[in-house]
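Quick notes on the structure that follows.
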Amino acid sequence: MTLFDILERLANLQQSGFRRNSLLESLPSVQVNALYYLLRCNHYSNTPGSVTEYLGLTKGTVSQSLRKLEEKALIYRQSHPGDKRKVLLFLTDKARQAIEGALSQDNIAKVQSALPSGGEELQLQLMGLLRQVQLREGVRLFGECQFCRFHQRQQGQSFCRLTQELLPSESITLICREFESQ
Ligand code: SF4
């Protein structure tokens, strides 16, 4: 099996994990992936454009999927408080519970935790692989805030040097469209 085969099988099994949830089982993969992205992204990245970039799909496909999710009351939209032209997307409580419930049953995480050092080395190698491929493809990295070169601690709080704003503590493990490697 090539590495491509292994990653494809793992991604497929991960999708099956989501499908064991009664709320998610009937949704197309693109909708499940959009919900998962909205669970994982920070408050600078929950826009329709960011979902489109992250999923690497056409604007039309993602817009249609977001509309369907809204009709099913799995997401809702709000205007950006500082810029009324911008739209922000949020998970509803039932969507958040469904995605978090599916993740709690995630077999990949369970097996990883049984590997030597909790599978940390494997995770670092795969992350290195992902970054190299992203750089070759010229796409955004969408990395975790705590590892971004703009992340700083100021008086015991997280601070973003790019936006010049304090960051909520819970957001540092979330992914960001503006992330840049150290
Ligand atoms: S520090 Fe980096 S990842 Fe975090 S909010 Fe700022 S730009 Fe985004």
Exercise for the section: Go over the candidates SER16, SER65 one by one and state the one that is out of contact with any strand residue (DSSP E or B) (no Cβ under 9 Å at 6 or more places or on another chain), surrounded by fewer than 14 Cβ atoms within 10 Å (Cβ to Cβ), small (Gly, Ala, Ser) and farther than 29 Å from PHE147 by Cα. Expected result: SER16
Practice task
State the number of residues belonging to segment 23-54 that are surrounded by fewer than 17 Cβ atoms within 10 Å (Cβ to Cβ) and without any contact (Cβ under 8 Å) to a residue 40 or more places away in the chain.
Solution key: 5
Exercise for the section: Specify which of the listed residues (ALA73, ALA95) is surrounded by fewer than 14 Cβ atoms within 10 Å (Cβ to Cβ) and out of contact with any Phe, Trp or Tyr (no Cβ under 9 Å at 6 or more places or on another chain). Expected result: ALA73
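The numbers here are math on the coordinates, done by the rules we state, and not lab data. Just so we're clear, the structure is a prediction, and the values are computed from it rather than from any experiment. So basically every Cβ, Gly included, is an ideal-geometry build from the backbone, and we count neighbours across all protein chains shown.
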